[in-house]
Amino acid sequence: MSQQWRRVENSQWTTVARDSLSLDHLRKTRPAWTAEDDQFAFPSFHIDGSDQVVCSIYVVQPGSGQSKLLHQTETLVRDIRWQPNSNRLAFIEGETVGNLKLIDPDGTVTPPVNEFPVRSFAGWNFDGNRLSYISPDPIADREDQWTFLFMPIAGARDRVYVANGLAGGNAEMVHDKVRITFPKWSPQANEMSLWGTYSPTHRSVLSYLLPWTLRPGDPAATLDVDTKTIRWMAVNSNERSQVGHYYLMKRNYEEAWKWYEQAAEGREPSPKLTVNGLLEMAFQRRIHHDPHFFEYYCLWKLDRKAEAAERLATFKESMALDLEGAEMFLNVQEMDAKERAEVDEAVAFGNAFMQASYMTEVFLSLDAATDGITIFNELATDDETEDERLARLICQSQLMLASKRYQDYAVLVREEIAPFLHRLENIEKSFQQLSVNEPVRYLAGVKQLISGLAVCAATLPMASDDFVALLSDEEVHDSIESWAGNRAAAKPEEHRVACELVLRSLLRRGTDGDPDGKLEALRSEVDQRLLESPLSLPTSGLAAIGSVEDFINRARDFSAAMQ
């Protein structure tokens, strides 16, 4: 048996990529045989004497085991495929996204044939006349990312392109809006099998603290590339709900509701959200799938408001923390009335922010930010608590930013959110004093910390010169007057400094057309007050942050690092 094995020359392998040991990387870099099984190609990676990564593609005749070099580059290569009935092959040059290149039978390596960055290469169809590749849906440019509480998720969606099989030209998009994995051509038809994973496009910062966030699903499907129609093969309730999400995103509300109805058949009721349940989700022992808010939105779009209200009530009931099982942290039976009231207030605050954050993730994932703003306004009631109102306003601000309604955002922040900046008072001290040994005080501190940081993050774009440049002259001048009033009414030093930072940015933009010099004088006063503030001392947390633009860049870096 051992005599049947032989080592292929030049087949050394060096760990040169971040995920070189992952199963997905190994799958993408496995050898590729021709249709006739008479030769195969494989990538080889090593580091040369100057510590430079060298990536090569070799072709091998299996009888001899000898290899022939076809291509060499300093960029990682993967997804090697042979064209049917041809000695032409293709590969991707790039670690996560890259360029698709062809190697012609004469050994010529073509320039990139793709019009868009390629994440994966599905190869050729059965007769080699068409090739297909998967390209990630682009997200907002870094400088346009202002939703600091809802981070965009890179690679959440893909586009399927089909192009000319010989040169890769005339690429046509045949499918989009979902994450595509394991694409494979049919051996006899112009169809592809794939997994179409509905994925959220944004993730709330809160979901990093509480393990409840919008989860993706992965129903299988076949795609007819000629008609651009997809046939889903969902096998359980969760996957059928995921298909419903897809049609909801495509604005096909009747079709979405058909899938939601199928998903509801035999579906188990959503369990209560308990402390133990949160811990199980934190350690990935349980994943929560609750489609009720999606169903609410679908019924809302279909103008079936009574049924929509029922779904919304079910969603809020299932997404409300129950203190059952929390005895190891909180023994509510032994608390006095004051302590129990503080705990109930903190839990109600957490519920309000969890629910509003989840709803916002849903609206963003469905490209429905405008509807989200409208729905949040509709859900506002006279008996809305202060925490519920704050959660709603903050999430509306993020939806306005995501949909580039910058003027509306500026009005909302100065008129509705700015009064909540008092929650920044002693936020640094509260963070330092958090102790799980004092659970009631701990919950109160967490409430102040989260609400203060949320208000700060929601207001932050207004303190950026780059963002203020996007506002109209009229809005800048109106904002200067409003924020001067906000600053005059502010009591905690943190509140005053926040208003000063916004005023400073507005005045840098708004001092044109100031014949009497009042705005310029106000700008000088603001700069002086910021210099004299106790929070500007080297020992303060604010001084350590640096400039507003530096803080914004750190927030964007954090967003990129969490992908």
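The values are calculated or read from the model by the stated rules, or taken from the named source; none is laboratory data. This is a predicted model, so every value here is computed, not measured. Counting neighbours? That spans all protein chains shown, and the Cβs are built from the backbone with ideal geometry, glycine included.
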Being surrounded by 22 or more Cβ atoms within 10 Å (Cβ to Cβ), in contact (Cβ under 8 Å) with a residue 12 or more places away in the chain and in a helix (DSSP H, G or I) is true for just one of Phe376, Phe353. Which residue is that?
Phe353
Reported set for the stretch 155-176 where residues are surrounded by fewer than 20 Cβ atoms within 10 Å (Cβ to Cβ), within 18 Å of the chain's Cα centre (by Cα) and of a type outside the set (Gly, Ala, Ser) is Asp176
Taking the stretch 236-260 only, how many residues are at pLDDT below 90 and either farther than 16 Å from Tyr198 by Cα or not in a helix (DSSP H, G or I) (or both)?
1
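Listed residues Val113, Val162; which is touching a residue at least 12 places away in the same chain (Cβ under 8 Å), outside any loop (DSSP other than H, G, I, E, B) and among the aliphatic types (A, V, I, L, M)?
Just one listed residue meets the conditions, Val162.
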Looking at (1) more than 38 Å from the chain's Cα centre (by Cα); (2) part of a loop (DSSP other than H, G, I, E, B), which is the one condition that is false for Leu522?
(2)
Qualifying position, being modelled with pLDDT of 95 or more and not assigned by TED's automatic domain parsing to the domain that holds Leu366, among Ala263, Ala308, Ala220:
Ala308
Tally time: how many residues in the stretch 37-51 are modelled with pLDDT of 80 or more and part of a loop (DSSP other than H, G, I, E, B)?
3
Tally time: how many residues in the stretch 525-546 are surrounded by 12 or more Cβ atoms within 10 Å (Cβ to Cβ), at pLDDT below 85 and polar (S, T, N, Q)?
2
Candidate set from the stretch 65-105 (those that are under 27 Å from the mean Cα position of the chain (by Cα), within 18 Å of Gly168 (Cα to Cα) and acidic (Asp, Glu)); member that is surrounded by the most Cβ atoms within 10 Å (Cβ to Cβ)
Asp79
Just checking, does the stretch 136-147 include any residue being in a strand (DSSP E or B), out of contact with any helix residue (DSSP H, G or I) (no Cβ under 7 Å at 6 or more places or on another chain) and farther than 17 Å from Trp185 by Cβ?
yes
Answer with yes or no whether Ser199 is assigned to a helix (DSSP H, G or I), in the same structural domain as Ala171 (by TED's automatic domain parsing) and buried (at least 16 other Cβ atoms within 10 Å of the Cβ).
no
Among the residues in the stretch 510-524, are any loosely packed, with under 12 Cβ neighbours inside 10 Å, closer than 19 Å to Asp466 by Cβ and either modelled with pLDDT of 90 or more or of a type outside the set (Lys, Arg) (or both)?
yes
